[in-house]
Amino acid sequence: MKILVINNQLEEKHLAYIKTTADSLGATVHFYTSDADIPQSDYDADIIYGFAPAIVKTSKTLKWLCVPWAGVDSLMAPDYFANEDCLLTNSAGAYGVSIAEHMIATSLVMMRRLNEFMEETRNGQWLKPRAQKSLKDCRITVLGTGDIGTTFAKRAAAFEPACIVGVCRSGKSSEAVYNKVLPVSELDSILPQTELLAMSLPSTPETKGILSRERMALLPEGAYIVNVGRGSAIDEDALADNLVSGHIAGAALDVFQTEPLPSSSRLWKTKNLLITPHVAGNMTLAHTRNKNVQMFIEDLHNFAEGKPLHYLVDRKLGY
């Protein structure tokens, strides 16, 4: 069994952990920092932890691809895998802490108007206090109740919001943090009661354009939006219009329909919009790196023992 690990963010301890585990399973492992460094002689790998599109698209013998990120929409195209039976796992579950902290941070920046204060003080201005809002007593709707959305909800709960409502495909969740959980079909009913809309959806045909111009109009005057899922979920032009009019008090976007965000995009100059360049997740936190590797090791044992992979992606659902 040959394993390729392609990642330039792992630490020596992670590489040693993977090597020790591979040795114990009778496997060989080769480490690369870029898929461009992989020689043709290693294109016969059984397992890839990382990403090597040239191998995925040509190898008939690749048995398992484990990508170290959560979103896999780019891999859902028909015939993307040369071996249609190749298993696909992702690392959804490793990024909850990092992205949830980002969501809390950007929510507070907007609601406490810290972005305005920082800009003014940078220009040498000392202005009077102004009205602010709080997560306390806030009515929060979490659109997407997976690991990221629920990790955010658990942290937001510490601020004593009025309620936290989850919205997801099934309309069900075992997490006690939600006051109630609704199916996506009832999204329109909760938007008029939503002061902070936290979005962490994967990209699927059902989620594209889910926050449309019509749905933004359902939000109450002065609502806030945070999106860390996929940019395809939001009508960006409608969002810009609503920010300019003031109907939406603020929005924080870490993901966009086109990335990098084009220099010509009107979003760059839209007021009350916080833009971050898809940095809420990634493997920048030690916790994330540790969790990511641990998840791969867990499924490596499952694979070697012929057991079902725990983090298997359902290709019909796209996550």
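The values are calculated or read from the model by the stated rules, or taken from the named source; none is laboratory data. Predicted model only: the values in this text are computed from it and were never measured. Because the Cβ atoms are built from the backbone with ideal geometry, glycine has one as well, and the counts that use them run over all protein chains shown. Surface areas here come from the heavy atoms of the whole protein model, side chains and all, with no ligands, DNA or RNA. Shrake-Rupley method; radii C 1.70, N 1.55, O 1.52, S 1.80 Å.
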Next item on the list: Might you check whether a residue that is in contact with a strand residue (DSSP E or B) (Cβ under 7 Å, 6 or more places away or on another chain) and among the charged types (D, E, K, R) occurs anywhere in the range 124-145?
Entry: yes
Check: Restricted to the range 285-310, and to residues that are assigned to a loop (DSSP other than H, G, I, E, B) and closer than 24 Å to residue 148 by Cβ, which residue is nearest to the chain's Cα centre (by Cα)?
Finding: 285
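Does any residue of the range 6-19 turn out to be over 29 Å from the mean Cα position of the chain (by Cα) and open to solvent by 10 Å² or more (accessible area, probe 1.4 Å)?
The answer is no, given that none of the residues of the range 6-19 is over 29 Å from the mean Cα position of the chain (by Cα) and open to solvent by 10 Å² or more (accessible area, probe 1.4 Å).
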Check: What single numbered condition from (1) open to solvent by 20 Å² or more (accessible area, probe 1.4 Å); (2) in contact with a helix residue (DSSP H, G or I) (Cβ under 9 Å, 6 or more places away or on another chain); (3) not hydrophobic (A, V, I, L, M, F, W, C) fails to hold for residue 95?
Finding: (1)
Checklist line | residue 51 vs. criteria surrounded by 15 or more Cβ atoms within 10 Å (Cβ to Cβ) and farther than 28 Å from residue 233 by Cβ | finding: no
Note to self: Condition first: of a type in the set (S, T, N, Q) and either out of contact with any helix residue (DSSP H, G or I) (no Cβ under 9 Å at 6 or more places or on another chain) or without any contact (Cβ under 8 Å) to a residue 12 or more places away in the chain (or both). Now tell me which residues in the range 1-38 satisfy that.
What the structure shows: 8, 20, 24, 33, 34
Notebook entry, point to check: What is the one condition in (1) open to solvent by less than 30 Å² (accessible area, probe 1.4 Å); (2) of a type in the set (D, E, K, R); (3) modelled with pLDDT under 95 that residue 315 does not satisfy?
Noted result: (1)
Checklist line | Residue among 217, 251, 223 that is touching a residue at least 12 places away in the same chain (Cβ under 8 Å), hydrophobic (A, V, I, L, M, F, W, C) and under 25 Å from residue 71 (Cα atoms) | finding: 251
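Return the total of residues in the range 111-144 being of a type in the set (A, V, I, L, M), in contact (Cβ under 8 Å) with a residue 60 or more places away in the chain and either part of a strand (DSSP E or B) or within 30 Å of residue 68 (Cβ to Cβ) (or both).
1
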Next item on the list: Having 3 or more residues that are out of contact with any Cys (no Cβ under 6 Å at 6 or more places or on another chain) and of a type in the set (Val, Ile, Thr) is the bar; report the strands (runs of 3 or more DSSP E) wholly within the range 1-100 that clear it.
Entry: 2-6
